[in-house]
1. Looking only at region 2-40, filter to residues that are closer than 26 Å to residue 82 by Cβ and aliphatic (A, V, I, L, M); which one of those is surrounded by the most Cβ atoms within 10 Å (Cβ to Cβ)?
2. Under 6 Å between Cβ atoms, which residue pairs at least 6 apart in sequence (or on different chains) link something in region 97-114 that is in the same structural domain as residue 72 (by TED's automatic domain parsing) with a partner that is at pLDDT below 80 and surrounded by fewer than 16 Cβ atoms within 10 Å (Cβ to Cβ)?
3. Inside region 1-43, can you point out the residues that are within 13 Å of the chain's Cα centre (by Cα) and modelled with pLDDT under 75?
4. Suppose we keep only residues that are modelled with pLDDT of 85 or more and in a loop (DSSP other than H, G, I, E, B) within region 53-97. Which one would you say is nearest to residue 36 (Cα to Cα)?
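The values are calculated or read from the model by the stated rules, or taken from the named source; none is laboratory data. Note that this is a predicted model, so its numbers are computed, not measured. When we count neighbours, we look across all protein chains shown, and the Cβ atoms used for this are built from the backbone with ideal geometry, even at glycine.
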Amino acid sequence: MTTSRRTPPDVGNALKQMATHPAFCLAVFVDEQQYNPLPGMLAWTNSVVVTEDSFSMISEAVSSGRSTGVLISGKRENDKIRRSLKLMSDRGMIFPIRSVADANKFIGWRLLRHPKEELDRLMENLILCIGTEADGGA
């Protein structure tokens, strides 16, 4: 999980609080970093979920080759960007997420796009999050 330079402070604080949950293995916040953490984070993962308010972040995620889910609130008023997101969705470049059910479908969409790599990555992340018996984990 990360924020952008334009993330409002109240949203950033809420995300920081949410990031203390054990489900989040990696949370890096831009306002606490000297350099942009996004390229490194994209290199570390096979998939990313981005909010619709940052078209540049969506573009970076898509151009990195990562499976990209986009949280769609429906509040986006810029018709040009809305049309671009629809075109990207129609071409399979992004997966729009409008609900919890869509989020669950995104997990399946990722597995269809990169089955072996995604399963390997899930196992690596699981080991990193919970540890192993050898390092004193669960």
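1. Here the residue is 38.
2. Filtered contacts from region 97-114: 97/103.
3. 1, 24, 25, 26, 27
4. The extreme case among them is 64.
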